[in-house]
Amino acid sequence: MRILTVIGNRPQFVKAAAVSKLLRERHDELIVHTGQHYDDEMSRVFFDELGVPAPDRELHAGGGSNTEQTARILGLLEGEIATARPDMVLVYGDTNTTLAGALAAAQAGVAVGHVEAGMRSFDRAMPEELNRVLTDHASDLLLCSTAVAMENLVAERAAGEAHLVGDVMADVSLAFQPIAEQRSDVLERLGLGDGSYFAATAHRAGNVDDPQRLERLVTLLEAVPGTVVLPLHPRTAARLEEAHLRERLEAAPNIVLTAPLGYLDFTKLAAHARAVLTDSGGVQKEAFLLGVPCVTLRDTTEWVETVEAGWNVLVDLDRDAALAALERPTSVGEPPDLYGAGHAAERVCDVLAAYTARG
Ligand code: UD1
Ligand code: UDP
């Protein structure tokens, strides 16, 4: 089967790292990089560190509003799909790249496979929620990370064929933890001791685009009782500057700002942190898999198992709730095997092979 994989941003490079290598053992794969993320530290580093095969085509379609970006990618993909004539287009997650890939394929009459189908926050104000719902309903193969995602698709009567495969990001996390441990010198570079700091990330539009919410985020991070290492996502960096809040973060005695980190550095940073504070989807799961308590700077999550298991607390941008969550006792045992324990990419490939065999 000829598969056209459409990826374009940081979490998708991580997800494709698990799948593309295996996929190529059984199928022909072409990768189109939409260019949604384009800085080396948001893109190239993941290809280098995780061994994602080099893109066959690059669309350079980053920037702009969600609507402009989705439309630009959609228009460019039409030609790519016509030229490549794939049997299936494979998309990941919930970004503008995901929706544009699914829609372009469906409109061209090409089957769509969606990895990470069925995730829902039930918050339609998130651009990602709209992308997820629309992508799922345009997809033929719905490849789910969790049982809850499967239930969501049943509840929505999604027409595609759903399979529980586990989480491909967990495959990468488990495979690269020992490599990160060995190769990354991030703790030495930043002068950090094991368990002596907190790792934080924030980029969700709902947290950083509104200056008042952004100020609440800054206030919350300033109040954390200890060093907070915050690798700045480019959206957040831009919004902090526009709101004149970057100086305040730089002046805060407990905050260490860095550029976005490569996967190995970030994994090591998170693994040795006392706790992780984040609004990222991927980072919530990774904290869970690393056995590090997580405080999520949102009031909803798609990864409900992490909360049910007591590893993750949702605090939105409420400073006092975040401080209480950081104080909570945590029993760090084996994380439950909820996310497929390193075999999700294999299952994705099996499902694709069975789909092809059926013609
Ligand atoms: C996107 C996804 C979000 C995902 C996140 C992963 C959508 C709607 N959002 O959000 O779901 O969690 O990626 O990180 O698809 N920029 C740079 N350099 C880059 C990339 C971006 O400077 O390499 C700046 C640009 O000004 C750009 C802005 O960041 O306009 C936002 O980037 P964009 O990809 O539109 O959204 P993200 O916030 O990254
Ligand atoms: N990540 C990284 N460097 C950083 C921050 C995050 O490598 O400085 C990785 C993280 O380990 C995870 C992925 O980026 O694998 C998550 O992407 P992001 O938070 O941008 O997107 P989301 O998962 O929220 O869609």
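Structure data summary
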{"item": "Residue in the range 233-252 that is nearest to the chain's Cα centre (by Cα), counting only those that are within 16 Å of ligand 2 (Cβ to nearest atom) and open to solvent by 10 Å² or more (accessible area, probe 1.4 Å)", "result": "HIS233"}
{"item": "Residues within the range 31-56 that are buried (at least 18 other Cβ atoms within 10 Å of the Cβ) and more than 23 Å from ALA237 (Cβ to Cβ), tallied", "result": "5"}
{"item": "Filter result for the condition that a residue is over 30 Å from VAL115 (Cβ atoms) and either β-branched (Val, Ile, Thr) or surrounded by 14 or more Cβ atoms within 10 Å (Cβ to Cβ) (or both), over ALA200, ALA175, ALA223", "result": "ALA223"}
{"item": "Boolean, LEU23 is part of a helix (DSSP H, G or I) and open to solvent by less than 50 Å² (accessible area, probe 1.4 Å)", "result": "yes"}
{"item": "Test for ASN66: is it within 15 Å of ligand 1 (Cβ to nearest atom), open to solvent by 50 Å² or more (accessible area, probe 1.4 Å), under 24 Å from ALA205 (Cα atoms) and in contact (Cβ under 8 Å) with a residue 12 or more places away in the chain", "result": "yes"}
{"item": "Of residues in the range 113-124 being in contact (Cβ under 8 Å) with a residue 40 or more places away in the chain and more than 16 Å from ligand 2 (Cβ to nearest atom), the one nearest to ARG204 (Cα to Cα)", "result": "PHE122"}
{"item": "From the options ARG204, ARG298, ARG216, ARG246, residue that is of a type in the set (Lys, Arg) and more than 16 Å from ligand 1 (Cβ to nearest atom)", "result": "ARG216"}
{"item": "Qualifying position, being surrounded by fewer than 24 Cβ atoms within 10 Å (Cβ to Cβ), closer than 24 Å to ASP299 by Cβ and modelled with pLDDT under 95, among ALA205, ALA147", "result": "ALA147"}
{"item": "Residue match in the range 120-139 (condition: assigned to a strand (DSSP E or B) and either buried (at least 24 other Cβ atoms within 10 Å of the Cβ) or within 11 Å of ligand 1 (Cβ to nearest atom) (or both))", "result": "no"}
{"item": "Matching residues, the range 282-332, being at positive phi and modelled with pLDDT of 90 or more", "result": "ASP316"}
{"item": "Qualifying helices (runs of 4 or more DSSP H) (wholly inside the range 268-359; at least 2 residues being exposed (fewer than 15 other Cβ atoms within 10 Å of the Cβ))", "result": "319-327, 344-357"}
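Here's the yes/no breakdown for (1) more than 16 Å from ligand 2 (Cβ to nearest atom); (2) open to solvent by 10 Å² or more (accessible area, probe 1.4 Å):
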| residue | (1), (2) |
| --- | --- |
| ARG72 | yes, yes |
| LEU77 | yes, no |
| ALA84 | yes, yes |
| MET88 | yes, no |
| ASP94 | no, yes |
| LEU99 | no, yes |
| GLY109 | yes, yes |
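The values are calculated or read from the model by the stated rules, or taken from the named source; none is laboratory data. Bear in mind the structure is a predicted one, so any value in this text is a computation, not a measurement. Positions of Cβ are generated from backbone atoms using ideal geometry, with glycine treated the same way; all protein chains shown enter the neighbour counts. We work out accessible area using only protein heavy atoms, side chains counted, and drop any ligands, DNA or RNA first. Shrake-Rupley method; radii C 1.70, N 1.55, O 1.52, S 1.80 Å.
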